[in-house]
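Heads up, the thing below is written out as structure tokens.
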Amino acid sequence: MSLTATFTVNGVRRQVDLPDPRVTLLDLLRERLDLTGTKKGCDRGQCGACTILVNGRRTNACLALAISHDGAEITTIEGLATDGVLHPVQEAFIAHDGFQCGFCTPGQIMSAVGLIAEGQAGMDPERVREGMSGNLCRCGAYAGITEAVLDAQARLDAQDRSQAA
Amino acid sequence: MSEIALNQAPAHLRQGSNIGQPLTRREGILKVTGAATYAADNNPPGMLYAVLAVSSVARGRVASLDVAAARAHPGIVDVMTPGNRPALAQDPDAKDHPFMFRMELLQNDRVRYANQPIAVVIGETLEAATEGATLLAPTYETETARTGLDGGESFAPPAVGVGNPASVDRGDVEAGLAAASRTIDATYETPAQYHNAMEPHAIVASWTADGLSIDTPSQGLAMAQGRIAGLFGIAPDSIHIRSPYLGGGFGSKGLISGPQILGILAAKMTGRPVKLVLRREQMYGPVGHRAPTRQRLRLGADAGGALTALDHHTRTASSTFDDFFEPASDISHTLYASPNLATSHEAVRLDTGTPLFMRAPGEATGSIALESAIDEMAEACGMDPLAFRLRNYADAEPISGKPFSSKALRECYRQGAERFGWSARPLAPRQMRDEAGLLVGWGMGTATFPALMFAAEARAVIRRDGTGLMETGAHDMGQGAWTALAQIAADGLGLDIDRVEFRAGTSDLPDAGIAGGSAHTATAGTALHKAGEDAIAKLAALALRDERSPLYGAGNAGVVARDGRLHRRDDESRSESYADILARADVPSVEGRGKGAADPAAQEAYAMHAHGAVFAEVKVDPDLGQVRATRLVGAFAIGRVINPRMVRSQIYGGMIWGVSFALHEKAIVDARTGRPMNPNLGEYHIPVNADVPALEAIVVDEQDAHVNALGIKAWARSASRGRRGPSPTRSGTRPGRASASSRSRWTACSADDQPAGCGSPLEPAPHR
């Protein structure tokens, strides 16, 4: 049985042969599409290093079978910057030193983008911490991560206001 | 949110234009775009996937493996077992020196710990190899596992840590205890812990016509190269290792591990590039851990609260087949003045993977016990914990009597206490509650870590276009080597950082020594600094002997290097650019070399340590016993700060490790089988974002003329030490993660929330 699936990955439509139905979205990205920015830390949905956006929602790519997401729109860390310009969340992570070793960082950033889009946390640091708590950081860069998410949220809010005006 | 002020190094501590600046990470853009390449991100053409099969028993032998079933699975290329593993040039059980740890490389069918590799399945895809590994369906002849600190006959280890004597004393502890007006005798236990770097150990290995090409995370490239060379009987310089970024190490990537060697063997067996990545649960065995300890402290004090005796004894565990003994008692060598002082260790051998250094080995485990005992003694003396520590402040290193090269701990206590508001703390426990009725407790602890120096080399080049090149095989595991070392390199050459190409992270560069012991910036940084000095001296020599140079004849007055120019020291208006000097001399470049190493004379004369003080507020639910850390203030004296932004992050990371030690992490071993019961990030708890309190770090001004040329001390690990929190439950706030009660058995009596009596294992707060 030969299976194919179609994904829109970072804005590019890709048809993928999936001869093996066991392939997760994470392993598809990393091992077959050479998008290695998304990391594998635990492979069982406990660490968040593999967080990507699937149809705009934060998703642990290690827990998602690729074949069951046929047709999905996927955004990974590689698709966040546009034309070489960093996304405000990426900029804020650098400015606030929201990482050390950097291994959890792609997942943290995608989770932050998702959280901001969800509009659940606003500018409340406690809710940001809660909303970012599915993403582990063993280096302990949490203070910088929280600052970065709040800073990026403020900048994105300001952008929205200026666009609305 | 976190109260965060970026504490810049005072101006007089800055050197040149780069050191002391809070630059953002130079590799930052790569890390936030996913372009930073960690080992497992490499996919060379023709690559195969290797997956380990690991033992589900802790002791015995593998009786059978269904290799045929694995081989029959589509996509399986080969299965490596003890029967067909390629030959090695060296016995994996050989041990030529203490830093050479024995490995399980399928040398036989013995199982000496749970999660030990017993076979390697190699497939065209990760999915096939993973399935193949499960199809092996091993059976075992199982023997009874020896577990727990009472699981074996204890003995006195020949040495603890890396070559430290197991027992040291000064004065007469028994006489000191007899003369004391108050004594305490308390026992504390700390659990086994696992490094759990976010990046699992990984390797991509290819055998080529030129030798062996490897991508793997390493905190010690030259040592890894040497170890691989010995095992495979090949020349070290035929092995090229790339380790530009480590996804965390914490000691577990200091030495190359058995699974990484198995990846190289799989590549050799198949003649194709192979990727092998540990699964998270496979990291609970073959790649080291922090050993459990049981520590007994006996303290005596006179009527005025001065210590008369301090006896610190540790029982710890190593594996049945190799030696690493957690040097927990050694913390008492350094911290508190006592005329009578004794430290000792005993150990048992268990059916476990060999323990290893994990972030502050000995200091983390030892200070949690010592600091708890100090708090209990303060309580017994009716004294404030900080006042008691000041009463027993060590002006010279207690065990050796040597003066400290520098020690601004009093200032750490003062600034930390002031910022925290410590003076408002009531002496008696259970006096403070918040508006929600939670008990509020304040506690504090002292941090210390030796200012170590290993050995490193560096190469500096000044090029004809006026730019510089600096090379050392340094390792960035998140501590900021790419940035901080580049800052030192640029100042060493008198250039702006953007004019210097800095190369690190590969094994073909000069040996930067091991990134461990919080010594990497000091050691590799000193080598870079000296290489820069050497290159500048050679450049100056070209100019000083050239009568057409404005620097000609500067001779005894000398020159200074700044902003890409050499200036006469006695007349700074007379200067010449590097490019002009090299152009006129008609040479393409000048090259310098430098070494970083400890100064034996200074080490003989002085005790060298970084210090700090951490103040913590916790809140305890009086009904549920749930403890949450809500506020931490740390003040640290760590010598010269190279990059305050990165130091802040390192200190916060260390403080969070302290919270984790106190409230979260604990490996649980099944006493019947010897298997780790929580080998995953859902059940082995490390703090999540919501667990982390408001943090504040103060860097106390400290200059040290003795520790090394740059005045750099340990910056990272000291923060994780010396903090102990009142224990018992985890605050499970992470969505989708169980809130288990991971109870630790040690306690801290200085915290106001302390519901139980001192000196006894802490049980959850009783319902009231």
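The values are calculated or read from the model by the stated rules, or taken from the named source; none is laboratory data. The structure presented is a predicted model; accordingly, all values stated were derived computationally and were not measured. FYI the Cβ positions are ideal-geometry reconstructions off the backbone, even for glycines, and counts take in every protein chain you see. These area figures cover heavy atoms from the full protein model, side chains too; ligands, DNA and RNA do not enter into them. Shrake-Rupley method; radii C 1.70, N 1.55, O 1.52, S 1.80 Å.
A few comments on the model shown:
- Candidates B:A705, B:A667: the one that is at pLDDT 95 or above, assigned to a loop (DSSP other than H, G, I, E, B) and surrounded by fewer than 24 Cβ atoms within 10 Å (Cβ to Cβ) is B:A667.
- Conditions (1) modelled with pLDDT under 95; (2) touching a strand residue (DSSP E or B) at 6+ places or on another chain (Cβ under 9 Å): number failed by A:G84: (2)
- Of all residues in the range B:226-246 being small (G, A, S) and in a helix (DSSP H, G or I), the one that is nearest to the chain's Cα centre (by Cα): B:G226
- Any chance B:G553 is assigned to a loop (DSSP other than H, G, I, E, B) and in the same structural domain as B:G473 (by TED's automatic domain parsing): yes
- Whichever residue in the range A:62-104 is acidic (D, E) and outside any helix (DSSP H, G or I) and, among such residues, is least open to solvent (accessible area, probe 1.4 Å): A:D97
- Scanning the range A:123-136 for residues that are open to solvent by less than 50 Å² (accessible area, probe 1.4 Å), under 24 Å from B:A697 (Cβ atoms) and within 7 Å of chain B (Cβ to nearest Cβ) returns A:P125, A:R129, A:M132, A:S133, A:L136.
- The range A:25-57 - residue that is without any contact (Cβ under 8 Å) to a residue 60 or more places away in the chain and part of a strand (DSSP E or B) and, of those, nearest to the other protein chains (Cβ to nearest Cβ): A:I52
- Any chance B:A58 is assigned to a loop (DSSP other than H, G, I, E, B) and open to solvent by less than 10 Å² (accessible area, probe 1.4 Å): yes
- So A:D17, is it of a type in the set (D, E), farther than 30 Å from B:G75 by Cα and open to solvent by 30 Å² or more (accessible area, probe 1.4 Å): no
- Screening the range B:582-628 for residues that are under 28 Å from B:W422 (Cα atoms) and basic (K, R) and picking the one that is least open to solvent (accessible area, probe 1.4 Å) gives B:K619.
- Residue in the range B:365-384 that is out of contact with any Cys (no Cβ under 9 Å at 6 or more places or on another chain), open to solvent by 10 Å² or more (accessible area, probe 1.4 Å) and free of Cβ contacts under 8 Å to residues at least 60 places away in the same chain present: yes
- None of B:S372, B:S367 is touching a Gly at 6+ places or on another chain (Cβ under 6 Å) and in a helix (DSSP H, G or I) except B:S367.
- Output for the range B:471-503, where each listed residue is more than 21 Å from B:G653 (Cβ to Cβ) and assigned to a loop (DSSP other than H, G, I, E, B): B:T472, B:G473, B:G494, B:L495, B:D496
- Residue count for the range B:455-478, restricted to those that are over 19 Å from B:R499 (Cβ atoms) and surrounded by fewer than 20 Cβ atoms within 10 Å (Cβ to Cβ): 1
- Any hit, the range B:114-136, residues being modelled with pLDDT of 95 or more, charged (D, E, K, R), touching a Gly at 6+ places or on another chain (Cβ under 6 Å) and surrounded by 24 or more Cβ atoms within 10 Å (Cβ to Cβ): no
- Unique match (being over 20 Å from B:G161 (Cβ atoms) and either touching a residue at least 24 places away in the same chain (Cβ under 8 Å) or surrounded by 22 or more Cβ atoms within 10 Å (Cβ to Cβ) (or both)) among B:R294, B:R279: B:R279
- Qualifying residue in the range B:87-102 (condition: touching a strand residue (DSSP E or B) at 6+ places or on another chain (Cβ under 8 Å) and not small (G, A, S)): no
- Which numbered condition B:R584 misses (of (1) over 26 Å from B:D704 (Cα atoms); (2) in a strand (DSSP E or B)): (2)
- Criterion (touching a Leu at 6+ places or on another chain (Cβ under 9 Å) and assigned to a loop (DSSP other than H, G, I, E, B)) met by exactly one of B:P355, B:P361, B:P339: B:P339
- Of the residues making up the range A:137-149, those that are facing chain B (nearest Cβ under 9 Å), farther than 17 Å from B:S660 by Cα and open to solvent by less than 20 Å² (accessible area, probe 1.4 Å) number 3.
- Selection within the range B:505-523 - of a type in the set (G, A, S) and either free of Cβ contacts under 8 Å to residues at least 40 places away in the same chain or not in a loop (DSSP other than H, G, I, E, B) (or both): B:A522
- Residue match in the range A:45-52 (condition: more than 28 Å from B:P679 (Cβ to Cβ) and not assigned by TED's automatic domain parsing to the domain that holds A:I109): no
- Answer from B:D210, B:D215, B:D169 - the residue that is in contact with a helix residue (DSSP H, G or I) (Cβ under 9 Å, 6 or more places away or on another chain), of a type in the set (D, E, K, R) and open to solvent by 60 Å² or more (accessible area, probe 1.4 Å): B:D210
- Residue match in the range A:91-104 (condition: hydrophobic (A, V, I, L, M, F, W, C) and touching a strand residue (DSSP E or B) at 6+ places or on another chain (Cβ under 8 Å)): no
- Restricting the range B:670-699 to residues that are outside any strand (DSSP E or B), out of contact with any Gly (no Cβ under 8 Å at 6 or more places or on another chain) and away from chain A (no Cβ under 14 Å), the residue that is most open to solvent (accessible area, probe 1.4 Å): B:R672
- Among the residues of this structure, B:V633 counts as one that is within 23 Å of B:T448 (Cβ to Cβ), among the aliphatic types (A, V, I, L, M) and within 14 Å of chain A (Cβ to nearest Cβ).
- Some residue of the range B:179-201 being under 25 Å from B:I29 (Cα atoms), in contact (Cβ under 8 Å) with a residue 40 or more places away in the chain and in contact with an Asp or Glu (Cβ under 7 Å, 6 or more places away or on another chain): no
- When residues of the range B:472-502 are limited to those that are within 11 Å of chain A (Cβ to nearest Cβ) and polar (S, T, N, Q), the one farthest from B:L539 (Cα to Cα): B:Q479
- Inter-residue pairs, beta-carbon under 7 Å, first more than 16 Å from A:Q90 (Cβ to Cβ) and more than 7 Å from chain A (Cβ to nearest Cβ) and in the range B:15-39, second among the charged types (D, E, K, R) and in a loop (DSSP other than H, G, I, E, B), 6+ apart: B:S17/B:D496; B:G20/B:R14
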